[in-house]
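Here is the structure we will look at.
Values quoted throughout were computed directly from the atomic coordinates according to the rules given, and no laboratory measurement underlies them. Being a predicted model, the structure only gives us computed values, none of them experimental. Virtual Cβ from ideal backbone geometry, glycine too; neighbours counted across all protein chains shown.
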Amino acid sequence: MNSQDQLWDVAVVGAGIAGMSAAIFAASKGLSVLHIGNGSGLVFGSGLLDVLAVHPVKDSTVHEDPWHGIELLRKDEPSNPLALVGPKAMEVAVNQIMEALGKAGMPYEPSTTNHFVPTSMGTLKGTFGVPTTMTSGAKAFENKWPTLLIEIRGLREFSAAQMVHTMGDKWPGLRFEKIEFPDSKGVFELYATHLATALETNKTRQAVIDIVRPLIGDAKAVGFPAILGLSESTAVHKAFEDALGVPVFEIPTMPTSVPGLRLKHSFEVAAAAAGVFRRVQSVVTGVKFDNDIATLTLQDATGNQEVQAKAVILATGRFMGRGLFADREKVREPLLDLFVEQPESRENWHSRDFFAKSGHAINRCGLLVDSKWRPTDAFGAVVWPRLYAVGSILARQDWMRQKSGSGLAIGTAWAAVSAMSDDFGSIGGV
Ligand SMILES: Cc1cc2nc3c(=O)[nH]c(=O)nc-3n(C[C@H](O)[C@H](O)[C@H](O)COP(=O)(O)OP(=O)(O)OC[C@H]3O[C@@H](n4cnc5c(N)ncnc54)[C@H](O)[C@@H]3O)c2cc1C
């Protein structure tokens, strides 16, 4: 099938968590979905799905109950997109995506609260969705189990010694051992993806198990950097637990991470299973609207093509995703030149204190939307009746400080697709 040969119900632009989720939600409602963009940004994620851990950011108050956090946000920041989605819809949306990712090979522990997962920095990350390969880390810390961390010589950006140094006072039974990965003698630098792939072979896995088993001693859990398999992580994790006889957990590592690669792959499998048609190597370089139809110009290595859709969901992200662009004067939305809410002058982009706990005004700039998640101009008028915006491109949120990246992306995707599918009756959709 050629994507330019049909009139799509929806074109989703952008393949981060917001675009992936919007495409899956829309296809699950029976809409025909063309999804444009490369999900390469997904690999920066840790695999952990944050809903809301911190509010208010100025006090760095951490919440165990993300739904209560969103309720508080509704009072304090009623126009924050997380507050507009609300706790109930957020819970439904995030659980649906976790279920879809689980079916696609990346299972998440069923959850009702935030969990505090030990990270490679020696910090605890408050997060909602935890891959099953990581859950025992949170339990080990919570119960202060004597725990062995495994460091691998030559694996960059992961130091179990550093973790023990940073967390040792809060976790007295935590210790580490440094091991040599099989067949890596003389190799100066090791890469997590190579080790993860190697652990999918019986021979290498057994060799690592044989090295680690005698080191366990009194440990009630064993933590590894997140290298336990690439596409077969559930099976590799289980094989380690069966052989070592104690709970085994992965520790999220720095980007680009193995769990980030798993997340990208699982989103792609879930989108295919939902019936989404993807144009992975294309970017959208222009969008024109007439009364009922949007015409999008797609660019890839073969040149330009036009595709048509009855609705468009913009999920192009913030500065890193290139959904927003800051020049010397203003923050702009480069694809459609949409109105971007922002401080009046560049001088007010940042607080005087770079480390200000409340963050910087530029981190809260973005698109304004109406109650149906449609971008508006400065005066509240919608740009086109079936243009929607979701994810981190939206204004009045600071996902990084609020620890709400995935929740914002998934929740707004859910809410916008619900509003859009309600509207579809009036334009002859499904
Ligand atoms: C280093 C890092 C670590 C993170 N860790 C976590 C974590 O632990 N937990 C968590 O919940 N979240 C985490 N996040 C946040 C999360 O990954 C997302 O960045 C966030 O949820 C925003 O998602 P998004 O889909 O709105 O935007 P993005 O992820 O930025 O995606 C936007 C996409 O749109 C594409 N795009 C832009 N313009 C076009 C165009 N014209 N045509 C086609 N495609 C286009 C971009 O290429 C990009 O793929 C992390 C993010 C980063 C950067």
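GNM remark for the chain: springs join alpha carbons under 10 Å apart, and the peak mean-square fluctuation among Ser233, Ser418, Ser46 falls on Ser418.
Comparing Gly303, Gly275, Gly129 in a Gaussian network model of the chain (Cα springs below 10 Å), the most mobile by mean-square fluctuation is Gly303.
Evaluated with a Cβ-only charge set (Lys, Arg +1; Asp, Glu -1), the chain carries a dipole of roughly 440 debye about its Cα centre, given to the nearest 20. Over the chain, the fraction of Cα-Cα pairs per 10 Å bin, rounded to whole percents and listed from the shortest bin up, is 5, 21, 29, 24, 15, 6, 1, 0.
Qualifying trypsin sites (Lys or Arg not before Pro) in the stretch 334-365, where qualification requires a DSSP coil assignment and no more than 14 other C-beta atoms within 10 Å, comprise Arg352, Lys357. Taking all Cα pairs closer than 8 Å and separated by 6 or more residues, the relative contact order of the chain comes to 25 percent.
Which of the peptides 36-42, 145-151 is most tightly packed, and how do the rest follow, judged by the mean count of other Cβ atoms within 10 Å per residue?
145-151, 36-42
Restricting the GluC sites (Glu not before Pro) of the stretch 312-353 to loop positions (DSSP other than H, G, I, E, B) with no more than 14 neighbouring Cβ atoms within 10 Å leaves Glu329, Glu344.
Quick check for the stretch 164-319: number of Lys pairs with alpha-carbon distance under 29 Å, counting only pairs 8 or more apart or on different chains? Taking the Cα cut-off of 29 Å, the pair count is 15.
Of Ala273, Ala221, Ala15, the residue with the greatest mean-square motion in the GNM of the chain, using alpha carbon springs below 10 Å, is Ala273.
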